[in-house]
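Have a look at the structure below, then the notes.
The values are calculated or read from the model by the stated rules, or taken from the named source; none is laboratory data. The model shown is predicted, which means the values in this text are computed figures rather than measured ones. Here Cβ is always computed from backbone atoms with ideal geometry, including for glycine, and neighbour counts include all displayed protein chains. Surface accessibility is based on the protein's heavy atoms, side chains included, excluding ligands, DNA and RNA. Shrake-Rupley method; radii C 1.70, N 1.55, O 1.52, S 1.80 Å.
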Amino acid sequence: MMDATTQINVIVGCVDCLSLTLTNNNMTSVSCSANDLAPLLNDTAAARYLCSQLDYISKKVADTTYAVDNTFLLFSAYLVFAMQLGFAMLCAGSVRAKNTMNIMLTNVLDAAAGGLSYYLFGFAFAFGSPSNGFIGRHFFGLRDYPISASPNDDYSFFLYQWAFAIAAAGITSGSIAERTQFVAYLIYSSFLTGFVYPIVSHWFWSSDGWASASRTDGNVLFGSGVIDFAGSGVVHMVGGIAGLWGAFIEGPRIGRFDRSGRKVALRGHSASLVVLGSFLLWFGWYGFNPGSFITIAKGYGKQSYYGQWSAIGRTAVTTTLAGSTAALTTLFSKRLLVGHWNVIDVCNGLLGGFASITSGCAVVEPWAAIVCGFLSAWVLIGLNKLAAMLEYDDPLEAAQLHGGCGAWGVLFTGFFAKKQYVEEVYGVGRPYGAFMGGGGKLLSAQLIQILVVSGWVTATMAPLFYGLHKLKLLRISSEDETAGMDLTRHGGFAYAYHDDEDGSSKGPGFMIRRIEPTSATPSPPTAQQV
């Protein structure tokens, strides 16, 4: 018969085993058998009681872990959705005052139309498993969903992915701002979020996708798959290239280039809104990048204090460093090039750094994020120079910023992904960055992503915009463009500045008037004033 000390050691050993199993996120393997414990305790009743308590603890911890993971994912979804407000403020400040209501309405439309189209079709095309490598084929209208007790298969995951989809549509709206018909926004936004973007996200993020690094059947592209952790290619390249074709087919805004081809500055009306929008986007990016881990309560099997929560913190750090470096690089570079400290350029540089690091944020060292941000600033500056040479007009530099810097971010991951971090996120034995000693397999996969994303978006969005152009549904008339869409299409102004005294100006809006003295000549001071 066991003494009391031995029995206590057995119980402690069982609890320790349970704790270790739960820490490593392997809750399904936790089980307790009274028949196995009875000989050790020499008491069947005690063994049954102990097993019942351990099973109860296991279930409670499993429920708590699931709740923590879902809460983390939901909070991340809220942060990503808050980026829509950032896009709205950034776009509003970057256009002229006469088009403010129009661009704000398009941002609302991106979220609303994208919500329905992603619910009906988009999510099924992206994550409708089991499916083939090209397109999903289940969960249309969320039918038969959720399917398992995992944050990857619950409503929180749908909400998170919807927030990503409408972000891609929001990027495109900036490229075609100030000259696009409202119906065109409605058509392209639904098509992009319901079909074009979901197909790309299926290729690279679904467990069935032909190029996904998380593919479950072991048939991974080049043995690595494409590492696009939070979407430099999937989100930013898709939105940027779609915007590129929209702006190219529409042509530049009236007055953007003079007859000799020299660019004319059509400045946005509010730097304050641009800065506000940039900070909101920065804040939301902490849901965009760290939130892409989906779960937080997962150990990596090394030290008890080191797990996915640590990787999430590191991802937030790399995101911060890339954006900060890009902002400072843009600040001093533009000062040397044009002689000004321009806050608009700094904000665009900041966002370009974020777009670049989004692909490799989880698998690179913080020092590498600084390299990423530094080079992304020069990518943006160079592409803006090229756009001016080609007389390409993008009011928010969206194609250059998201498309160009996003492509650089995909390549950057192929160069700098660290072996330890790749194995923690994607599994042991995966190829990693070429500059980190991992060979060229991952870099080759990243190049494939750039090519196929560019080709797919071009093959789908360019014909759509061209068809709208031919049907005269794309661009507004020159008269409406000159007058501004707020007045001609939306019945008023977001705000109006009036200097006339007769109140003859039409249209609703916030009215600011000059304050004039009541008398033409100043009255002499009174004795008290003296």
Checklist outcome for this item: Of 307, 301, the only residue that is in contact (Cβ under 8 Å) with a residue 40 or more places away in the chain, more than 17 Å from the chain's Cα centre (by Cα) and surrounded by fewer than 18 Cβ atoms within 10 Å (Cβ to Cβ) is 301
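Conditions tested, residue by residue: (1) closer than 19 Å to residue 360 by Cα; (2) of a type in the set (Val, Ile, Thr); (3) modelled with pLDDT of 95 or more; (4) open to solvent by less than 30 Å² (accessible area, probe 1.4 Å).
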residue	(1), (2), (3), (4)
375	yes, no, yes, no
389	no, no, no, no
395	no, no, no, yes
404	yes, no, yes, yes
410	yes, yes, yes, yes
413	yes, yes, yes, yes
436	yes, no, no, no
440	yes, no, no, no
Checklist entry - If only one of 121, 125 is open to solvent by 20 Å² or more (accessible area, probe 1.4 Å), in contact with a Pro (Cβ under 9 Å, 6 or more places away or on another chain), part of a helix (DSSP H, G or I) and under 19 Å from residue 231 (Cβ atoms), which one is it? => result 125
Checklist entry - Of the residues that sit in region 227-252 and are aromatic (Phe, Trp, Tyr) and either over 25 Å from residue 417 (Cα atoms) or without any contact (Cβ under 8 Å) to a residue 24 or more places away in the chain (or both), which one is surrounded by the fewest Cβ atoms within 10 Å (Cβ to Cβ)? => result 248
Checklist entry - What residue, among those in region 328-342 that are without any contact (Cβ under 8 Å) to a residue 40 or more places away in the chain and part of a helix (DSSP H, G or I), is surrounded by the fewest Cβ atoms within 10 Å (Cβ to Cβ)? => result 336
Item to check | Scope region 185-224; condition in a helix (DSSP H, G or I) and either open to solvent by 10 Å² or more (accessible area, probe 1.4 Å) or over 21 Å from residue 118 (Cβ atoms) (or both); matching residues | outcome: 186, 187, 190, 191, 195, 203, 205, 221, 222, 223
Next on the checklist: Quick test for you: out of 313, 353, pick the one residue that is assigned to a helix (DSSP H, G or I) and over 14 Å from residue 380 (Cβ atoms).
Outcome noted: 313
Item to check | Test result for residue 488, farther than 30 Å from residue 349 by Cβ, in contact with a helix residue (DSSP H, G or I) (Cβ under 7 Å, 6 or more places away or on another chain), open to solvent by 30 Å² or more (accessible area, probe 1.4 Å) and assigned to a helix (DSSP H, G or I) | outcome: yes
Next on the checklist: Step by step: first the residues of region 98-112, then only those that are open to solvent by 30 Å² or more (accessible area, probe 1.4 Å) and under 18 Å from residue 266 (Cα atoms), then the one that is farthest from the chain's Cα centre (by Cα). Which residue is that?
Outcome noted: 98
